[in-house]
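Worksheet: the structure to be examined is printed underneath.
The values are calculated or read from the model by the stated rules, or taken from the named source; none is laboratory data. Owing to the predicted nature of the structure, the values given are computational and were not obtained by experimental measurement. Neighbour counts are summed over all protein chains in view; Cβ atoms, including those assigned to glycine, are modelled from backbone coordinates with ideal geometry. Accessible surface areas use protein heavy atoms only, side chains included; no ligands, DNA or RNA. Shrake-Rupley method; radii C 1.70, N 1.55, O 1.52, S 1.80 Å.
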Amino acid sequence: MAADIDEQPAGYERLLSAEHAGAIARVAAVIAERRPRHVVFTARGTSDHAALYGAYLTEIRLGLPAGLASPSVVTLYGGRPDLSDALVV
């Protein structure tokens, strides 16, 4: 987990570089246009912690209810939750 944490600054720097700004803006525009009613984060293992943090930020900064989904519901058990009004991250 420490190695994952240590990689984050460089990863965010790459993601937020000018090279990716146009793609990020396009995705943000589509999300804004679709007006999701809630956000569902999917993660496994140590990524669960980042997803939980993302859920907190989403609720605080965007005012949208957010939570975590269990990926194994779909991948292992064949469930098909209705996520039609959700932004799934």
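Observations
- Screening G78 on (1) part of a loop (DSSP other than H, G, I, E, B); (2) under 13 Å from the mean Cα position of the chain (by Cα) shows it passes everything except condition (2).
- Some residue of the stretch 66-73 being in contact (Cβ under 8 Å) with a residue 40 or more places away in the chain, part of a helix (DSSP H, G or I) and open to solvent by 50 Å² or more (accessible area, probe 1.4 Å): no
- Contacts under 7 angstrom Cβ, first residue in the stretch 26-47 being β-branched (V, I, T), partner in a helix (DSSP H, G or I) and open to solvent by 70 Å² or more (accessible area, probe 1.4 Å), 6 or more apart: T46/D4
- Residue match in the stretch 22-41 (condition: within 16 Å of V89 (Cα to Cα), open to solvent by 70 Å² or more (accessible area, probe 1.4 Å), touching a strand residue (DSSP E or B) at 6+ places or on another chain (Cβ under 7 Å) and in a strand (DSSP E or B)): no
- Selection status of L87, surrounded by 10 or more Cβ atoms within 10 Å (Cβ to Cβ), at pLDDT 95 or above and not in a loop (DSSP other than H, G, I, E, B): yes
- Subset of the stretch 42-51 that is over 20 Å from P65 (Cβ atoms) and surrounded by 10 or more Cβ atoms within 10 Å (Cβ to Cβ) - its residue that is nearest to the chain's Cα centre (by Cα): S47
- Test for G54: is it open to solvent by less than 70 Å² (accessible area, probe 1.4 Å) and touching a strand residue (DSSP E or B) at 6+ places or on another chain (Cβ under 7 Å): yes
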